[in-house]
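Structure first, commentary second.
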Amino acid sequence: MAPFDYIEIKVPAKPQYVGVARLTISGLASRLGFTYDEIEDLKIASSEAITNAVRHAYDEDEEGEIIVGCALYEDKLEIMVADHGQSFDFEETKKQVGPYTEQESDVQLLREGGLGLYLMETLMDDVKVHHEEGVTVFMTKYLGRERGEADVKQTAYS
């Protein structure tokens, strides 16, 4: 038995379906027990990833779809947004995802008005980008933990 529940939805790469994916993620986050503010962060970050896929993944005359995969763990929610139009194995894709580096010019496509990736990185605990067969954005939000909390060293005064 997998240590997580996995939910995947496919939506047409059209702006009117961004809200459908947002609502799905919001409902799953609520089910896990995320706070209102954490759910808002998840909605904004996922909207940025999905909107960028809608805008940049397919040519105007091309019919495409966006896959949103969510893995629900006991202590975190992992979200994948992929625009390559085919289903994928969650664990296999997770192994292949690499960290974002500013030197990668293709990642500029992820910057909606220069803020898309910045917002994702700011609102989520971890963001990785994979761009071989389209673009896959992999985001993680831990339950009940402020961003960066794991990186803070405890002092004798804590």
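Every read-out reported here was derived from the displayed coordinates using simple, explicitly stated rules and does not represent laboratory data. Everything numeric here is computed off the predicted structure, so don't read it as measured data. No Cβ is skipped: glycine too gets one built from the backbone with ideal geometry, and neighbour counts run over all protein chains shown.
Results, tabulated for the structure shown:
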{"item": "Approximate spin-label separation Tyr118-Thr35, in nm, with each point projected 7 Å along Cα-to-Cβ", "result": "2.5 nm"}
{"item": "Approximate spin-label separation Leu72-Asp126, in nm, with each point projected 7 Å along Cα-to-Cβ", "result": "2.1 nm"}
{"item": "Length gained when the stretch Thr140-Ala2 is fully extended (0.36 nm per residue, less Cα-Cα span)", "result": "47.9 nm"}
{"item": "For the range 126-136, 3J(HN,Hα) per residue [Karplus equation, 6.51 cos²θ - 1.76 cosθ + 1.60, θ = phi - 60°, Hz, x = Gly/Pro]", "result": "8, 9, 10, 10, 10, 9, 10, 9, x, 10, 10"}
{"item": "Linear extension gain, Glu133 paired with Glu60, 0.36 nm per residue minus alpha-carbon span", "result": "24.4 nm"}
{"item": "Pair Ile44, Thr24: separation of 7 Å Cα→Cβ label points (nm)", "result": "2.3 nm"}
